[in-house]
Amino acid sequence: MQRLIIAITGASGAIYGVRALEALREAPEIETHLILSPSAKLTIAAELDMTADEVKAMADIVHPYKDIGASLSSGSFRTAGMLIAPCSIKTLSGIANSYNDNLIVRTADVCLKERRRVVLLLRETPLHRGHLDLALRATDNGAVIMPPVPAFYHRPESIDDIVNQTVGRAFDLFDIDVGTVSRWGGMGAD
């Protein structure tokens with residue numbers, strides 16, 4: 001069985017992490033490990049018609065945010081990698097600086113040192129020089145910075161269409177296809 005870690009931080013866009021968990025429930029060959037930051041719980045309450053406990057129920061295994069001794073904090077715990085959706089600037093800063101004071105940052109650091117994929121759906125705009133420097137440092141360490149910028153070539157008709165496309169494209173980076181991506185077929189010839 002393949003394992004994928006999903007972390008949800010307090011940045012706006014909790015729907016991305018929730019949708020990732022929902023999509024992976026349809027993929028029984030993938031075991032999901034969830035970490036919620038304390039701020040994520042507040043964002044979930046503010047943005048979604050659900051509770052943090054309902055989000056936790058979607059994951060196969062939930063790990064406490066402060067438990068830096070959890071199984072995920074060791075390189076010997078094999079995973080396909082980690083998706084942080086959304087990723088706050090605070091979390092980006094921790095990852096860029098290997099400041100492992102919580103399980104989200106520690107787990108990302110472990111995945112990076114083991115050369116596993118870490119995808120950050122960075123949710124901040126506009127970005128100043130400090131944010132860009134942090135993103136570059138995280139990229140230099142092996143992370144993939146993927147701001148959830150919507151695509152429109154697939155002609156989305158709803159916010160769900162936009163969220164599904166973004167989450168599906170993030171899963172592409174792990175070679176996971178949950179069937180939500182509208183693939184570009186080209187413009188055609190005249």
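The values are calculated or read from the model by the stated rules, or taken from the named source; none is laboratory data. Remember, predicted model here, so these are calculated numbers, not experimental data. Glycine also receives a Cβ, built like all others from the backbone with ideal geometry; neighbour counts cover every protein chain displayed.
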Per the filter on region 136-158, residues polar (S, T, N, Q), assigned to a loop (DSSP other than H, G, I, E, B) and more than 20 Å from residue 14 (Cβ to Cβ) are 141
Taking region 169-186 and the residues there that are of a type in the set (D, E, K, R) and assigned to a loop (DSSP other than H, G, I, E, B), the one that is farthest from residue 152 (Cα to Cα) would be 175
Contact list, first residue from region 18-41 and among the small types (Gly, Ala, Ser), second anywhere and part of a strand (DSSP E or B) and surrounded by fewer than 19 Cβ atoms within 10 Å (Cβ to Cβ), beta-carbon distance below 9 Å, six or more apart or interchain, is 27/2
Going through (1) modelled with pLDDT of 95 or more; (2) under 30 Å from residue 75 (Cβ atoms); (3) in contact with a Phe, Trp or Tyr (Cβ under 7 Å, 6 or more places away or on another chain) one by one, residue 120 fails only at (3)
Filter region 64-90 for residues that are among the charged types (D, E, K, R) and assigned to a loop (DSSP other than H, G, I, E, B); the one that is surrounded by the most Cβ atoms within 10 Å (Cβ to Cβ) is 67
The lone condition residue 153 fails out of (1) modelled with pLDDT under 95; (2) surrounded by 16 or more Cβ atoms within 10 Å (Cβ to Cβ) is (2)
Of the residues in region 116-130 that are of a type outside the set (Lys, Arg) and over 18 Å from the mean Cα position of the chain (by Cα), the one that is surrounded by the fewest Cβ atoms within 10 Å (Cβ to Cβ) is 126
Pairing a residue in region 75-104 that is without any contact (Cβ under 8 Å) to a residue 40 or more places away in the chain with any residue that is assigned to a loop (DSSP other than H, G, I, E, B), where Cβ atoms lie under 6 Å and the two sit 6 or more apart in sequence or on different chains, gives 75/114
* Yes or no: residue 161 among the acidic types (Asp, Glu), assigned to a helix (DSSP H, G or I) and either modelled with pLDDT under 95 or at negative phi (or both)? -> yes
So, first residue touching a residue at least 60 places away in the same chain (Cβ under 8 Å) and of a type in the set (A, V, I, L, M) in region 131-155, second residue assigned to a loop (DSSP other than H, G, I, E, B) and crowded, with 17+ Cβ neighbours inside 10 Å, Cβ within less than 8 Å, six or more apart or across chains; the pairs are none
Considering region 98-111, residues that are polar (S, T, N, Q) and assigned to a loop (DSSP other than H, G, I, E, B), and then whichever is farthest from residue 39 (Cα to Cα), we arrive at 98
Exactly one of 7, 45, 14 is over 18 Å from residue 84 (Cβ atoms) and aliphatic (A, V, I, L, M), and that residue is 45
Inset, instruction - State whether the residues of region 112-133 include one that is of a type outside the set (Lys, Arg), in contact with a Ser or Thr (Cβ under 7 Å, 6 or more places away or on another chain) and in a helix (DSSP H, G or I). - result: no
Here, helices (runs of 4 or more DSSP H) confined to region 1-63 with at least 3 residues that are surrounded by 19 or more Cβ atoms within 10 Å (Cβ to Cβ), within 13 Å of the chain's Cα centre (by Cα) and modelled with pLDDT of 95 or more are 14-24
